[in-house]
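S.K.: Let me give you the structure first, and then I'll get to my questions.
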Amino acid sequence: MSKNTPKAIRGTQDIFGPEAEAFAFVVETFERVRKLYRFRRAEMPVFEKTEVFSRAIGETTDVVSKEMYSFEDRGGDSLTLRPEFTAGIARAYLTNGWQQHAPMKLATHGALFRYERPQKGRYRQFHQIDAEILGAGEPQADVELLAMADQLLKELGIEGVTLHLNTLGDAASRDAWRSGLIEYFGKVRGELSEDSQERLEKNPLRILDSKDPRDRAFVADAPKIDEYLSDDALAFFESVTGGLDASGVKWKRAESLVRGLDYYRHTAFEFIPDEGSAAAGALGSQSTVLGGGRYDGLMESLGGPATPAVGWAAGIERLAMLVGERDIDKPDVVVVVEDDKMTAAGQKAVSAIRSVGLSAEFIASGGKKKRFDKAVKVGSHVILAMSDGERRLRYQSEGEDKERISSALWSLDLDL
């Protein structure tokens, strides 16, 4: 590579080969599963007005204050490349009148952007799959989303991952808990980390998921949400856990799992690799595979009416790491022409084969005597060799593949 050749920007990646196939497998599986659950596909702009994210995510969060890619366009508007999906989906829900479709089940996937230190499984341009239910306030919506996530991970073949679940209570429960945390941590303020001292007044719940040893010493004895749950909030959580049990979704209670922003309510969850599992080994310190929660107050922060909603997101790169490298499946048929006079006929044959849903490769170049050997090395199920006056099939697979491909080939007019 020349010294003058531009290099990729730090924190981005070019994905190819087995890694790209793993990436595609994640997306294809997500698309198949979301259709099983009747989630409608949605596409939103890659950039929004900066206020969409600053109002929805929160001015005090690291995402807004440190990690967003924001710029001023020629018209003087401040725009931001999306750092997550939920804010844009909420904006679209309000501005497009999607309330008429509520409850609305939406799914999307694509690129997101955050300026943060690149590390294993984390990039400045990364990709997520995302599922949301808007306008549904009942516990069953939470159960359906979690069952969908659980099935997705199973169909991706990802094992050794457990759903960690908590409740943040309703608004009254959360406010009471917040006050209890401020009183508790306030007594040891000087012994907390600098970040947690700053969070104490603005966002005390975030102290609970701090990884700083100075904070961890006090978290274990901090007030628990269960001490403040209203009867309605407790009933909601019991409905969620009961629904998960009925759906066969395994879960464990995680009392320190929180969401710092005030508009989060009730259910908060993360799918986390079990200690010592292959998944934990693959991801290292970036342990969360999929996460989300209920955010009943978000629409109001964007100027809309009170709207219950719940959703989750998962990084495609992380899921692809857990899936492991994959390669493109071998073709059903390789069409090889051993005589240049048959090139047009070979092209016609390979087009016909693809038209009936079979994958095919076409070999019509190189030394004539070596073309068949080249076809063998491709490793297809079937080879269709064509020469002047002769067409012959060579089966390299048995069983269902042979029967499937034979049936399709004999349905075509290929003079076999």
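S.K.: For LYS370, which of the numbered conditions (1) under 17 Å from ASP329 (Cβ atoms); (2) modelled with pLDDT of 90 or more; (3) of a type in the set (Lys, Arg) fails to hold?
M.R.: The number of the failed condition is (1).
S.K.: Here's a follow-up. What residue, among those in segment 176-205 that are in a loop (DSSP other than H, G, I, E, B) and under 35 Å from the mean Cα position of the chain (by Cα), is surrounded by the fewest Cβ atoms within 10 Å (Cβ to Cβ)?
M.R.: In this case the residue turns out to be SER193.
S.K.: Condition check: assigned to a strand (DSSP E or B) and among the aliphatic types (A, V, I, L, M). Does VAL335 satisfy that?
M.R.: Spelling it out, VAL335 is indeed assigned to a strand (DSSP E or B) and among the aliphatic types (A, V, I, L, M).
S.K.: Looking at segment 240-271, which of its residues are part of a strand (DSSP E or B) and loosely packed, with under 14 Cβ neighbours inside 10 Å?
M.R.: LYS252, ARG253
S.K.: Across segment 373-406, what is the total count of residues that are small (Gly, Ala, Ser), part of a helix (DSSP H, G or I) and modelled with pLDDT of 90 or more? Outline the logic, then answer.
M.R.: Taking segment 373-406 as the starting set, the residues that turn out to be small (Gly, Ala, Ser) are 375, 379-380, 385, 387, 389, 397, 399, 406.
If we keep only those that are part of a helix (DSSP H, G or I) too, we end up with 375, 406.
If we keep only those that are modelled with pLDDT of 90 or more as well, we get 375.
Of the residues in segment 373-406, 1 are small (Gly, Ala, Ser), part of a helix (DSSP H, G or I) and modelled with pLDDT of 90 or more.
S.K.: For the structure I just gave you, tell me whether ALA345 is under 30 Å from ALA90 (Cβ atoms) and among the hydrophobic types (A, V, I, L, M, F, W, C).
M.R.: So ALA345 fails the test.
S.K.: Within segment 131-164, track down each residue that is over 24 Å from MET321 (Cβ atoms) and either outside the structural domain of PHE25 (by TED's automatic domain parsing) or over 16 Å from the mean Cα position of the chain (by Cα) (or both).
M.R.: LEU134, GLY135, ALA136, GLY137, GLU138, PRO139, GLN140, ALA141, ASP142, VAL143, GLU144 - these are the residues of segment 131-164 that are over 24 Å from MET321 (Cβ atoms) and either outside the structural domain of PHE25 (by TED's automatic domain parsing) or over 16 Å from the mean Cα position of the chain (by Cα) (or both).
S.K.: Right, something else. So TRP312 clears everything in (1) within 41 Å of the chain's Cα centre (by Cα); (2) in contact (Cβ under 8 Å) with a residue 12 or more places away in the chain; (3) not assigned by TED's automatic domain parsing to the domain that holds ARG91 except one condition, right? Which one?
M.R.: Unmet condition: (3).
S.K.: Any residue that is surrounded by 18 or more Cβ atoms within 10 Å (Cβ to Cβ) and closer than 24 Å to LEU153 by Cβ - is there at least one of those in segment 218-239?
M.R.: Yes - at least one qualifying residue is present in segment 218-239.
S.K.: Return yes when THR167 is in contact with a helix residue (DSSP H, G or I) (Cβ under 8 Å, 6 or more places away or on another chain) and among the hydroxyl-bearing types (Ser, Thr, Tyr) and no when it is not.
M.R.: yes
S.K.: Out of segment 89-122, which residues are under 18 Å from ASP62 (Cα atoms), of a type outside the set (A, V, I, L, M, F, W, C) and surrounded by 19 or more Cβ atoms within 10 Å (Cβ to Cβ)?
M.R.: Selection gives ARG114 alone.
S.K.: Something else: Name the single residue that is modelled with the highest pLDDT among those in segment 59-85 being in contact with a Gly (Cβ under 8 Å, 6 or more places away or on another chain) and surrounded by fewer than 21 Cβ atoms within 10 Å (Cβ to Cβ).
M.R.: Filtering segment 59-85 for residues that are in contact with a Gly (Cβ under 8 Å, 6 or more places away or on another chain) and surrounded by fewer than 21 Cβ atoms within 10 Å (Cβ to Cβ), the one modelled with the highest pLDDT comes out as VAL64.
S.K.: Moving to a separate point now. Please determine whether any residue of segment 59-72 is under 16 Å from the mean Cα position of the chain (by Cα) and of a type outside the set (D, E, K, R).
M.R.: No, the conditions are met nowhere in segment 59-72.
S.K.: Just the residues that are farther than 30 Å from GLU201 by Cβ and not small (Gly, Ala, Ser), please, taken from segment 258-290.
M.R.: The answer is PHE271, PRO273, ASP274, GLU275, LEU283, VAL289, LEU290.
S.K.: Something else about it: Kindly indicate whether any position in segment 38-53 is closer than 23 Å to ASP329 by Cβ and buried (at least 17 other Cβ atoms within 10 Å of the Cβ).
M.R.: no
S.K.: Of the residues GLY281, GLY293, which is free of Cβ contacts under 8 Å to residues at least 24 places away in the same chain and in the same structural domain as GLY157 (by TED's automatic domain parsing)?
M.R.: Checking each option against the conditions leaves just GLY281.
Okay, residues lined up against (1) within 30 Å of LEU152 (Cα to Cα); (2) surrounded by 15 or more Cβ atoms within 10 Å (Cβ to Cβ); (3) under 37 Å from the mean Cα position of the chain (by Cα); (4) not aromatic (Phe, Trp, Tyr):
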residue	(1), (2), (3), (4)
ASP327	yes, no, yes, yes
ASP332	yes, yes, yes, yes
MET342	no, yes, no, yes
LEU358	yes, yes, yes, yes
ASP373	no, no, no, yes
GLU390	no, no, no, yes
LYS402	no, no, yes, yes
ALA408	no, yes, yes, yes
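S.K.: For segment 338-372, how many residues meet the condition of being in a helix (DSSP H, G or I) and in contact with a Phe, Trp or Tyr (Cβ under 8 Å, 6 or more places away or on another chain)?
M.R.: 3
S.K.: Criterion first (of a type in the set (A, V, I, L, M, F, W, C) and either closer than 30 Å to THR267 by Cβ or without any contact (Cβ under 8 Å) to a residue 60 or more places away in the chain (or both)) does ALA352 satisfy it?
M.R.: no
The values are calculated or read from the model by the stated rules, or taken from the named source; none is laboratory data. Here the structure is a predicted model, which means the values were calculated and not measured. Positions of Cβ are backbone-derived with ideal geometry, glycine not excepted, and every protein chain shown enters the neighbour counts.
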